[in-house]
Amino acid sequence: MLLQTSALSRHFAGLVAVDRVDLAIPQGGIHAVIGPNGAGKTTLFNLISGLATPTAGQISFAGQDITLLPADRRAQAGMARTFQNIRVFATMSVLDNALTGLHARLSASLPAIIARLPGFRRAERDAIARAQAALALVGLQDRAYTQAGALAYGDQRRLEIARAMAGGPRLLLLDEPAAGMNPAERAALATLIRAIAAQGTTVLLVEHDMPFVMGLSDSVTVLNFGRRIFAGPPGAARQDPGVIEAYIGHKAAVRLAGQAP
Ligand SMILES: Nc1ncnc2c1ncn2[C@@H]1O[C@H](COP(=O)(O)OP(=O)(O)OP(=O)(O)O)[C@@H](O)[C@H]1O
Ligand SMILES: [Mg+2]
């Protein structure tokens, strides 16, 4: 397994956001974590990427126990992520945004940077080439010198993926990448995610949108109230009574609360 969690938990005061979750993600392919609002999906991603500390349980990545490893060391080990809410630097160029994805991987030392020694210039050239390749992967190579804030919404989301891909990660974590996208942008995103998996990066995505996940994923893990209620192929998830109940139950609860489903 490339990524494994065992009995992973995160408590917030009285609330159990992630409750003894076992997750097993093999090397290669596209894998999804789904579940209703508040199921614990983002918290699980935060635990995996090192932005939150587990209350209990273990995480292993590429054969290494990373439970206590800081986030930057996980990035160096080959993990990259995007966020549920858009996080581009609006006044920076598209290329500079992609370059920020490489900071954990730049190897030049501080004296070399200050003196602009040849080693630094080589590292800089190498970083720019990697950032440009990541922009090409997401189809933004012609927008490198545009201000990121001037991009259309769907392109800003693609830029976040480019930034995460710039370091050549083994595992890419995408938190609701299709959120707020129109159907054409969603279709293009699905094509991009397939291309990323085809070039060898394992993809783990969190999504709300069941149809989007169903056509795309090799495996699905379903969370509800922090608990894993299903793990297996997407076709079986759709027919699983517990999964159906979690989704229908959630919609009914939302309707009772007077919000749009
Ligand atoms: N920092 C925090 N402090 C307290 N409670 C939190 C915190 N982060 C998350 N929670 C709670 O933990 C639960 C899981 O939240 P989380 O954001 O992981 O869910 P989610 O599945 O990503 O939901 P969504 O689909 O809305 O993005 C929720 O009840 C949420 O309110
Ligand atoms: Mg979330």
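In Å, what Kirkwood hydrodynamic radius results for the stretch 126-261 from the alpha-carbon pair distances?
Taking every pair of different Cα atoms in the stretch 126-261, averaging 1/r and inverting gives 16.7 Å.
Of Arg227, Arg130, how do they rank once you tally other Cβ atoms within 10 Å and put the fewest first?
Arg227, Arg130
What's the exposure ranking of Asp72, Asp19, going from fewest to most Cβ atoms within 10 Å?
Listed from fewest to most nearby Cβ atoms, that is Asp72, Asp19.
Top mean-square fluctuation among Ala77, Ala164, Ala187, Gaussian network model of the chain, C-alpha springs under 10 Å?
Ala187
Return the single residue from Ala166, Ala129, Ala98 with maximal mean-square fluctuation; model: Gaussian network over the chain, springs between Cα atoms under 10 Å.
Residue with maximal mean-square fluctuation among Ala166, Ala129, Ala98: Ala129.
Neighbouring Cβ atoms within 10 Å as the yardstick, rank Ile30, Ile86 fewest first.
Final ranking by Cβ density, sparse to dense: Ile86, Ile30.
Quick one: check the C-alpha center-to-center distance for the stretch 57-104 versus the stretch 1-39, whole angstrom.
18
If I model the chain as equal point scatterers sitting on the Cα atoms and use the Debye formula, what is log10 I(q)/I(0) at q = 0.07, 0.08, 0.09, 0.11 Å⁻¹?
Taking Cα atoms of the chain as identical point scatterers yields -0.26, -0.34, -0.42, -0.63.
Name the trypsin sites (Lys or Arg not before Pro) in the stretch 34-98 that are in a loop by DSSP and that have at most 16 other C-beta atoms within 10 Å, would you?
Arg87
Would you please give the residues with an amide H less than 5 Å from that of Val33, counting only those at least 5 places away or on a separate chain, with H modeled from the backbone geometry?
Leu205, Val206, Glu207, Thr221
When DSSP assigns beta bridges and you keep just the ones with both residues in the chain, what percent turn out antiparallel, to the nearest 5?
Restricted to the chain, the bridges split so that about 55 percent are antiparallel.
Bear in mind these aren't lab numbers, they're just calculated from the coordinates by the rules spelled out. Since this is a predicted model, take the numbers as computed values, not measurements. All Cβ positions, glycine included, derive from the backbone under ideal geometry; neighbour counts span all protein chains shown.
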